[in-house]
1. Looking at B:37, B:33, which is the one that is at positive phi, touching a strand residue (DSSP E or B) at 6+ places or on another chain (Cβ under 8 Å) and surrounded by 13 or more Cβ atoms within 10 Å (Cβ to Cβ)?
2. Taking residue A:102, is it in contact with a strand residue (DSSP E or B) (Cβ under 9 Å, 6 or more places away or on another chain) and either outside any helix (DSSP H, G or I) or closer than 14 Å to residue B:193 by Cα (or both)?
3. Could you list, in sequence order, all residues of region A:199-219 that are within 16 Å of ligand 1 (Cβ to nearest atom) and either under 17 Å from residue A:172 (Cα atoms) or in a strand (DSSP E or B) (or both)?
4. Is there a residue in region B:131-140 that is in contact (Cβ under 8 Å) with a residue 12 or more places away in the chain, surrounded by fewer than 14 Cβ atoms within 10 Å (Cβ to Cβ) and assigned to a helix (DSSP H, G or I)?
5. Do we have residue A:70 as free of Cβ contacts under 8 Å to residues at least 24 places away in the same chain, farther than 23 Å from residue B:212 by Cα and either more than 14 Å from every other protein chain (Cβ to nearest Cβ) or over 20 Å from the mean Cα position of the chain (by Cα) (or both) here?
6. Can you tell me which residue is nearest to ligand 1 (Cβ to nearest atom) among those in region A:35-66 that are more than 19 Å from residue A:84 (Cα to Cα) and surrounded by fewer than 19 Cβ atoms within 10 Å (Cβ to Cβ)?
7. What helices (runs of 4 or more DSSP H) completely inside region B:236-298 contain at least 2 residues that are buried (at least 16 other Cβ atoms within 10 Å of the Cβ) and in contact (Cβ under 8 Å) with a residue 12 or more places away in the chain?
8. Can you tell me which residue within region A:168-198, out of those that are within 16 Å of ligand 1 (Cβ to nearest atom) and surrounded by fewer than 21 Cβ atoms within 10 Å (Cβ to Cβ), is farthest from the other protein chains (Cβ to nearest Cβ)?
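Where a number appears in this text, it was derived from the coordinates with a stated rule and is not lab data. These numbers were taken from a predicted model, which means no experiment stands behind them. Backbone-built Cβ (ideal geometry, glycine too); neighbour counts: all protein chains shown.
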Ligand SMILES: Nc1ncnc2c1ncn2[C@@H]1O[C@H](COP(=O)(O)OP(=O)(O)OP(=O)(O)O)[C@@H](O)[C@H]1O
Ligand SMILES: [Mg+2]
């Protein structure tokens, strides 16, 4: 069963100055365990698509299935975990309290909660910080807490909207490596929104290229880089080749290439 | 911690400045004030532009303090400070009841207005209008309703309850507005997050909206405490309740010409009352420190 199936999905926002077509005719399937990035210029509907999958907004047209159910049912069943560009931690809760929030809301016992929090804190490398408050953490650490929280209920699908967007390049690359490892370890499918071509290529099995006005999918590229997401990969020729391919898809392919197809 | 120490130092400096200004003016100002445009032989004519500084109008601060420790009304009556403290405590108790009623009503209104948009549109204008009704007009009404209920006999309604209700009338307003703003303060991202957890109204209220409301709530509670004290003092005076600091103020002010330092006793009493009320709420804030972290972060 696919993690996500979108068939002819469209979203139109009614605003005071008229309708805004944020998405049209989105056809996309995400397989279990697959890492899919959405990339495209600002306003092409990446966040909108993610929010539709998360049932934070509802599609105007088309059909959207998450693990074979309606998006709403998948949300209620807690089939996905989500992380945004801002960590969105509750400032009055410690790291442990923040990670435990979804567990607490779903009636997980105190003991089980503590065990799971310890496990997750270790997974994102924050064992020593569980008693800190968010304002005592760096941006990168806050983002790692947010990822741990998204993973708390062992979701089979992880939705991430530019989670590393506000971080410096070094932290970013480090967390990309961590995320690749975590995704592989947990076997969760990931839908990952980003503005960064290298980030998309490094992390993904497939890169979905989108274009604005109206927001739509223009290309889907398979990276075929295998399972090894190591730092060495960033220097390999295949990696550079993929980066170039995505860049060309984003900016419109050169004419010869278009003819070849 | 050093910040709070600095705050105390500045506060003490402010008090000292007022005391110095008082004594300085008393020393420099004209004993009988400065009156312009007075007609000879006509008392009370003209406009006073500088107040009198004689001992009757402006007693020395040390005289006011000393008066606190002299017998209240001659003979072997206890020193003035004893009835002042008793009266202040009486009023404090009534103000506390008023505060509790006000906070309960205000919080309920805030909750209802946040839950239902329609309720906000319907209620908020009335809540604002309610505060423009002068307390003096409103107090006798409550007092007469109270005494009617009391006379009917099914429920006892002592006079102090009327005072508490009137105090609550001033106290509920900041709470209602503060709770409403506070409950609406969570960021979009946090509300979205709760939605992804499929959390309904109550879990969202307890886990997100209420904790997020604390920074709005504390100033509202402090304001409510100050309002409750003012309301209680004014209500005591306007419905003529005995035993509280308001009544005592009026009584001693009446004897001001013969005993000018005496009315300052209950004046200090009511100032102390306000400080204690506001301070108690600050204590609540201390317990809720962690919920104010958002103010420092980001
Ligand atoms: N709630 C909304 N109401 C009206 N229009 C909206 C709303 N949300 C998004 N839009 C519009 O839909 C389009 C797509 O927005 P979206 O946020 O999905 O873009 P994005 O690809 O995530 O952009 P960015 O890379 O800047 O985050 C934009 O034109 C935006 O103005
Ligand atoms: Mg976006």
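1. Among B:37, B:33, only B:33 is at positive phi, touching a strand residue (DSSP E or B) at 6+ places or on another chain (Cβ under 8 Å) and surrounded by 13 or more Cβ atoms within 10 Å (Cβ to Cβ).
2. Numbers: in contact with a strand residue (DSSP E or B) (Cβ under 9 Å, 6 or more places away or on another chain): yes; either outside any helix (DSSP H, G or I) or closer than 14 Å to residue B:193 by Cα (or both): yes.
Criteria met by residue A:102.
3. Of all residues in region A:199-219, those within 16 Å of ligand 1 (Cβ to nearest atom) come to A:199-200, A:207-219.
Correct list: A:199, A:200, A:207, A:208, A:209, A:210, A:211, A:216, A:217, A:218, A:219.
4. Yes: one or more hits.
5. Working: free of Cβ contacts under 8 Å to residues at least 24 places away in the same chain: yes; farther than 23 Å from residue B:212 by Cα: yes; either more than 14 Å from every other protein chain (Cβ to nearest Cβ) or over 20 Å from the mean Cα position of the chain (by Cα) (or both): no.
Answer is no for this residue.
6. Selected residue: A:60.
7. Values: elements: B:245-254, B:264-287, B:293-296.
Hits in region B:236-298: B:245-254, B:264-287.
8. Filtering region A:168-198 for residues within 16 Å of ligand 1 (Cβ to nearest atom) gives A:191-197.
Next cut, surrounded by fewer than 21 Cβ atoms within 10 Å (Cβ to Cβ) only: A:195-197.
Working: A:195: 19, A:196: 21, A:197: 26 Å.
That would be A:197.
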